[in-house]
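Since the structure comes first, as structure tokens, the remarks are kept for the end.
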Amino acid sequence: MSQEQGDLYKTSAGDVYVLPLGHGSVQIRWDGKTIQVDPYSAVAEYETLPKADLVLITHDHYDHLDKKAWSATQKEDTVFIASPSSAKELPQGAIALSNGDSTQWQGITIDAVPAYNMVHKQPNGKFWHPKGWGNGYVLHFGDFRLYLAGDTENIPEMAKIAGVDVAFMPKNLPYTMTDEMFVDAAKRLKPKVLYPYHYETVDKIKLQSAVGKDTVIK
């Protein structure tokens, strides 16, 4: 597989290639299969990318649940896993996972974990992402754990998945985390490799200094 397929991680279940596509979208390649996470047509031409064997949707905001994008990456046997509200908008047979649910796909365990706001609210006083509405996901490739946080703040539940190998975490206001929240979340998670995503601006040198040398920031 070419370097363009992403960063290579060696796992007990085989090689995993991780490719950030922009915004909240990530492509994962493993065992000849393609997983597309929150495909968004504004950041990638999905017609030119490998068709998805699995599509993961964290929640139903337009930049995460984008029909144009998931339709372009869909094939006849594509499996969709999504939050309950998102699953209703996807093809029939989409698997709805609530926070705390798990499922198996092709030998991979997929955990749906909380993703929500505790501080940032819309002008109407409601949280941008209420508790229990959207998902983050933890994918288990054998002994290797990949965390896709979705849209969230530095919620206490992150401590329960500490020690993940790779974590994708958002850093954009007013919807997700401030710099301080992001650093706090990283210290809770203690990932080996951390990808900021869904961000507007990011100073990786500053973040690396704040997070510490035990976590590599991509």
Of all the residues that make up the range 21-58, how many are surrounded by fewer than 19 Cβ atoms within 10 Å (Cβ to Cβ) and in a strand (DSSP E or B)? 2
Counting only residues in the range 89-105 that are surrounded by 12 or more Cβ atoms within 10 Å (Cβ to Cβ) and either of a type in the set (Asp, Glu) or more than 19 Å from the chain's Cα centre (by Cα) (or both), the one farthest from residue 159 (Cα to Cα) is identified as 91
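Here's the yes/no breakdown for (1) surrounded by fewer than 19 Cβ atoms within 10 Å (Cβ to Cβ); (2) of a type in the set (Gly, Ala, Ser); (3) part of a loop (DSSP other than H, G, I, E, B):
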{"position": "146", "(1), (2), (3)": "no, no, no"}
{"position": "150", "(1), (2), (3)": "no, yes, yes"}
{"position": "174", "(1), (2), (3)": "yes, no, yes"}
{"position": "191", "(1), (2), (3)": "no, no, yes"}
The one condition in (1) out of contact with any Ser or Thr (no Cβ under 6 Å at 6 or more places or on another chain); (2) assigned to a loop (DSSP other than H, G, I, E, B); (3) of a type outside the set (A, V, I, L, M); (4) within 20 Å of residue 25 (Cβ to Cβ) that residue 92 fails to fulfil: (4)
When the range 105-137 is checked residue by residue, the ones that are assigned to a strand (DSSP E or B), in contact with an Asp or Glu (Cβ under 8 Å, 6 or more places away or on another chain) and not acidic (Asp, Glu) are 112, 113, 114, 115, 134, 137
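Criterion first (touching a Leu at 6+ places or on another chain (Cβ under 6 Å), in contact (Cβ under 8 Å) with a residue 12 or more places away in the chain, surrounded by 13 or more Cβ atoms within 10 Å (Cβ to Cβ) and not aliphatic (A, V, I, L, M)) does residue 137 satisfy it? Steps first, answer last, please.
Working: touching a Leu at 6+ places or on another chain (Cβ under 6 Å): yes; in contact (Cβ under 8 Å) with a residue 12 or more places away in the chain: yes; surrounded by 13 or more Cβ atoms within 10 Å (Cβ to Cβ): yes; not aliphatic (A, V, I, L, M): yes.
So residue 137 fits the description; yes.
Laboratory data are not the source of any read-out in this text; all were calculated from the coordinates shown. None of the values given here were measured: they were computed from a predicted structure. Because the Cβ atoms are built from the backbone with ideal geometry, glycine has one as well, and the counts that use them run over all protein chains shown.
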